[in-house]
Amino acid sequence: MRSRKTQTPTPPAGRSTVNRFRRTEAARLIRSVTDAGLSVARVEVDAASGKISVVPGNPEASHRGNPWDEVLKNADTKRPA
C-alpha cells in the first residue's frame, strides 16, 4: 500500500501568501486603544501571520513626510527655466 503525501493548499493566483488579516480585528483593536485614552500613531500588520501591532503616540510626530510634499507645497512659486 502506498502512502499518500498531503499537500498544502496553494494560494489563489496573484497572491504569494495566505492573508490572515481581518480588517474588523484591526478596527476593534484601534477602538479599544482610543477608548483607553491613548492616541494611535500607526498600525502595523503582518498579513502572513495575522499579527496586528498598534503603536500608541501622536500621529503627527510619527509622520516622516514625503519628499514630494515640499515640492507640491512650493508648486505655486515661480521657478527659473
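One table, with the values for the structure above:
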read-out	value
Residue-by-residue Karplus 3J(HN,Hα) for region 38-50, coefficients 6.51, -1.76, 1.60, Hz, glycine and proline x	9, 9, 9, 7, 6, 10, 10, 10, 9, 5, 5, 9, x
For region 23-73, diffusion coefficient by Stokes-Einstein and Kirkwood Rh (Cα), 10 °C, 1.306 mPa s, µm²/s	127 µm²/s
Cβ-based exposure ranking for Ile30, Ile52, in which fewest neighbours within 10 Å come first	Ile30, Ile52
For Val33, Val55, Val71, order by how many other beta-carbon atoms lie within 10 Å, fewest first	Val71, Val55, Val33
Amide proton proximity set for Gly57, modelled H, under 5 Å, gap of 5+	Ser39, Val40, Ala41
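Laboratory data are not the source of any read-out in this text; all were calculated from the coordinates shown. Because the structure is predicted, anything quoted here is derived from the model rather than measured. Quick reminder, even Gly has a Cβ in these numbers, built from the backbone with ideal geometry, and neighbours come from all protein chains shown.
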